[in-house]
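Chemist: Can you keep this structure in mind? I'll have questions shortly.
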Amino acid sequence: MALLEINQLVKHYGETVALKGINLSLKKGEVVVILGPSGCGKSTLLRCVNGLEEIKSGQILLEHSGQLGKDISWVNARQHIGMVFQSYELFSHLSVIDNILLGPLKVQKRQRAEVEAQADELLKRVGLFDRKNAFPRELSGGQKQRIAIVRSLCMNPEILLLDEITAALDPEMVREVLDVVLSLAREGMTMLIVTHEMTFAKQVADRIIFMDKGEIIEQATPDNFFTNPTSDRAKAFLNILNYDIPGASFADNI
Ligand SMILES: Nc1ncnc2c1ncn2[C@@H]1O[C@H](COP(=O)(O)OP(=O)(O)OP(=O)(O)O)[C@@H](O)[C@H]1O
Ligand SMILES: [Mg+2]
C-alpha cells in the first residue's frame, strides 16, 4: 500500500461540487505538486486530507492507521499529517518556541526537554535559532513561514501538506522558504504541495498533478508536464502563465 491513498473523494459545498471523485496515492518519500487554475479544488483537497472539511463520500487511507476519521480519529490523524497554510496561523500571544512546543507538549504529551532539543535543531536548520524567544509580530513573513514549517515538523509528521505557503510573501522572502522545502524533499519527506511557483514545482516534484473543476486531468513527471502537456486544459493553463521559457517564472537559479 502507498503511504497515503485517496479513493473516490467527493466534496460538496452546498450546490458546489468542489471535488468530483479524486483518486490519488502518495508513496513514502514522494513529493507531489498539485497545479491548476483558481477554484479547481486544490486547497479543498488538502483540507480534506487534513480533516478540515466534511467529505461527501470516498476514503482517505494512511498506511498502518487505516481510514482517516474512521479507523483513526482526525485529531490523531493530524499528528501524522502536518499542514502549513499561506497565512502561517501562528499564535500571536505565544513566542516562537511556545508556538512550536504547543502541539508536541499538549497533544502528544511529550517531554519538554526532548521536544525543545528537537525544536532547537530545527530552528538552527532554518536559520532562526536566534529568534527563538521572539513573538510573531517581530518576524518577517518569510521568518514566520519558516517557523510554521518548524512547528509542523516538530510533530514528526509522516506527510506534510503545503498550501501556497509563499503566496503572501514578498518576492525576496519566497526563496528562503522554498529552500527549506527543497531540503526537506531531498531528505525524503513525503509532501503534497500546492504552489504557483512553477520553477520550484519543477524542481521539487516527483510527480505533477494537474486539476481542473474538481478533477484530476493529468498526471506526469515535471519534465513531461512542462514540456509536453497532453490535455488542452493543461496547455491553456501553462499558456496563461506564459510558461514558454523554462525557469522564467521564479527566482532564477534555485
Ligand atoms: N468554504 C467554502 N464554502 C463554499 N464554497 C467553497 C468554500 N471553499 C471553497 N469553495 C469553492 O470550492 C471550489 C474549490 O475551491 P478551492 O479553494 O479548493 O480552490 P483552489 O484550487 O484552492 O483555488 P485557489 O488557487 O484560488 O486557491 C471553488 O469553487 C470555491 O468557490
Ligand atoms: Mg487554494
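Chemist: Need the full-extension length gain, SER38 to ASP223, defined as separation in residues times 0.36 nm minus the C-alpha distance. One decimal, nm.
Modeler: Contour length minus the Cα-Cα distance gives 64.3 nm.
Chemist: Taking all protein chains in place and a 1.4 Å probe, what share, in percent, of the accessible surface of region 146-250 do carbon and sulfur account for?
Modeler: Solvent-exposed carbon and sulfur of region 146-250 make up 47 percent of the total.
Chemist: Cα to Cα, under 20 Å, and not fewer than 8 places away if on the same chain: which aspartates and glutamates meet these conditions relative to LYS106?
Modeler: GLU89, ASP98, GLU114, GLU116, ASP120, GLU158
Chemist: Shifting gears a bit: State the Cα centre-to-centre distance between region 50-82 and region 105-147 in whole Å.
Modeler: That distance is 26 Å.
Chemist: Principal axis lengths of region 49-157 from Cα atoms, whole Å, largest first?
Modeler: Ordered largest first, region 49-157 gives principal extents of 45, 29, 23 Å.
Chemist: Distance in nm between label sites at SER65 and GLU89, each 7 Å beyond Cα in the beta-carbon direction?
Modeler: In this crude label model, SER65 to GLU89 measures out at 1.4 nm.
Chemist: Please tell me which of these pairs span more than 32 angstrom C-alpha to C-alpha: LYS70/LYS235; LYS144/LYS235; LYS27/LYS144? Walk me through the intermediate numbers first.
Modeler: On the way: LYS70/LYS235 39 Å; LYS144/LYS235 35 Å; LYS27/LYS144 29 Å.
Table pairs above 32 Å Cα-Cα are LYS70/LYS235; LYS144/LYS235.
Chemist: Next up: Compute the Cα gyration tensor for the chain, then decide on rounded, prolate or oblate, letting a ≥ b ≥ c be the square roots of its eigenvalues: rounded whenever a/c is under 1.5, prolate when a/b is larger than b/c in the other cases, and oblate in all that remain. It would help to have the intermediate numbers written out before the result.
Modeler: Values: a/c = 1.89, a/b = 1.24, b/c = 1.52.
Judged from the Cα gyration tensor, the chain comes out oblate (a/c at least 1.5, b/c at or above a/b).
Chemist: State the three equivalent ellipsoid semi-axes of region 1-90, derived from the C-alpha gyration tensor as the square roots of 5 times its eigenvalues, in descending order and whole Å.
Modeler: 19, 16, 14
Chemist: Ok, one more. I need the shape label for region 126-194. Rule: rounded when a/c is under 1.5, else prolate if a/b > b/c, else oblate, with a, b, c from the alpha carbon gyration tensor.
Modeler: oblate
Chemist: Counting helices only, and only those DSSP H runs with n ≥ 4, report the 222 nm mean residue ellipticity of the chain as the sum of -39,500 (n - 2.57) divided by its residues, in deg cm²/dmol to the nearest 500. Walk me through the intermediate numbers first.
Modeler: Values: 9 runs with 87 residues, N = 254.
Theoretical 222 nm ellipticity from helices: -10000 deg cm²/dmol.
Chemist: Also, I was wondering about something else. Using only alpha carbons, build the gyration tensor for region 183-238 and give me the equivalent ellipsoid semi-axes, biggest first, whole Å.
Modeler: Result for region 183-238: semi-axes of 21, 12, 9 Å.
Chemist: Over the chain, give the accessible area per residue in Å² for a 1.4 Å probe, as an integer.
Modeler: 46 Å²
Chemist: Any chance you could tell me what percent of the C-alpha pair distances in region 93-212 go past 19 Å?
Modeler: Here the long-distance tail beyond 19 Å is 48 percent of all Cα pairs in region 93-212.
Chemist: Further, regarding this structure: In percent, how large is the relative contact order of the chain, given Cα pairs closer than 8 Å and 6 or more residues apart?
Modeler: Relative CO of the chain lands at 25 percent.
The values are calculated or read from the model by the stated rules, or taken from the named source; none is laboratory data. Remember, it's a predicted structure, so these values are computed and weren't measured experimentally. Neighbour counts are summed over all protein chains in view; Cβ atoms, including those assigned to glycine, are modelled from backbone coordinates with ideal geometry. The accessibility values were calculated without ligands, DNA or RNA, using every heavy atom of the protein model including side chains. Shrake-Rupley method; radii C 1.70, N 1.55, O 1.52, S 1.80 Å.
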